[in-house]
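Input: a single structure, listed below in structure tokens.
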Amino acid sequence: MAAFNKIILMGNLTKDPELRYTGGGSAVCSFRLAVNRAYKTQTGELRDDTCYIDITAWGKTGENCSNYLRKGAPVLVEGFLRFETWVDKATGQNRNRHSVSAEVVRF
């Protein structure tokens, strides 16, 4: 069976982006996106559900995010979902999370 991994999100940055460089000199920019979803309960009450998503942008896209984006900025991110696993250095426990690797960031 074929696979398809594409995600499109629109939201606001929760803090300023963080730019760093790999040992090979590639730019890596990390930021967190807050995506809101408004819905109505069975009783008719309006509620907001906020989802916080970690985003990683590489290369020139990452550098542009670092230069032009700030906390609260609205952005649209197109990319793919990644599953990351690591061992927590402090506790020695296995950790994991889903994040988005950005291919296009529009602001």
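Can you find even one residue in the range 95-104 that is acidic (Asp, Glu) and in contact with a Cys (Cβ under 9 Å, 6 or more places away or on another chain)? No, every residue in the range 95-104 fails to be acidic (Asp, Glu) and in contact with a Cys (Cβ under 9 Å, 6 or more places away or on another chain). Looking only at the range 19-51, residues that are open to solvent by 100 Å² or more (accessible area, probe 1.4 Å) and either within 24 Å of residue 68 (Cβ to Cβ) or touching an Asp or Glu at 6+ places or on another chain (Cβ under 6 Å) (or both) come to 3 in all. What is the residue count in the range 13-44 for residues that are over 19 Å from residue 79 (Cβ atoms) and hydroxyl-bearing (Ser, Thr, Tyr)? Number satisfying all stated conditions: 4. Filtered by the rule that a residue be polar (S, T, N, Q) and assigned to a strand (DSSP E or B), the range 82-107 gives 85, 94, 96, 99, 101.
Taking every residue in the range 23-49 that is under 23 Å from residue 102 (Cβ atoms) and pairing it with any residue that is open to solvent by 90 Å² or more (accessible area, probe 1.4 Å) and aliphatic (A, V, I, L, M), at least 6 positions away or on another chain, the pairs with Cβ-Cβ distances below 9 Å are 33/10; 35/10. Report the residue count in the range 37-81 for those that are assigned to a helix (DSSP H, G or I) and of a type in the set (Ser, Thr, Tyr). Qualifying residue count, the range 37-81: 3.
Within the range 15-36, the residues that satisfy the criterion of being out of contact with any Lys or Arg (no Cβ under 6 Å at 6 or more places or on another chain) and outside any strand (DSSP E or B) are 17, 22, 23, 24, 25, 26. When restricted to residues that are open to solvent by 50 Å² or more (accessible area, probe 1.4 Å) and either under 13 Å from residue 8 (Cα atoms) or aromatic (Phe, Trp, Tyr) (or both), the range 52-103 contains 8.
Within this structure, residue 44 fails the test of being over 19 Å from residue 6 (Cβ atoms) and modelled with pLDDT of 95 or more.
For the range 1-11, enumerate the residues that are surrounded by fewer than 15 Cβ atoms within 10 Å (Cβ to Cβ) and touching a residue at least 40 places away in the same chain (Cβ under 8 Å). Residues satisfying the conditions are 5, 6, 8, 10.
The values are calculated or read from the model by the stated rules, or taken from the named source; none is laboratory data. Note that the structure is a prediction, hence the values are computed from the model and not measured. Neighbour counts are summed over all protein chains in view; Cβ atoms, including those assigned to glycine, are modelled from backbone coordinates with ideal geometry. Just the protein is used for accessible areas: all its heavy atoms, side chains included, with ligands, DNA and RNA removed. Shrake-Rupley method; radii C 1.70, N 1.55, O 1.52, S 1.80 Å.
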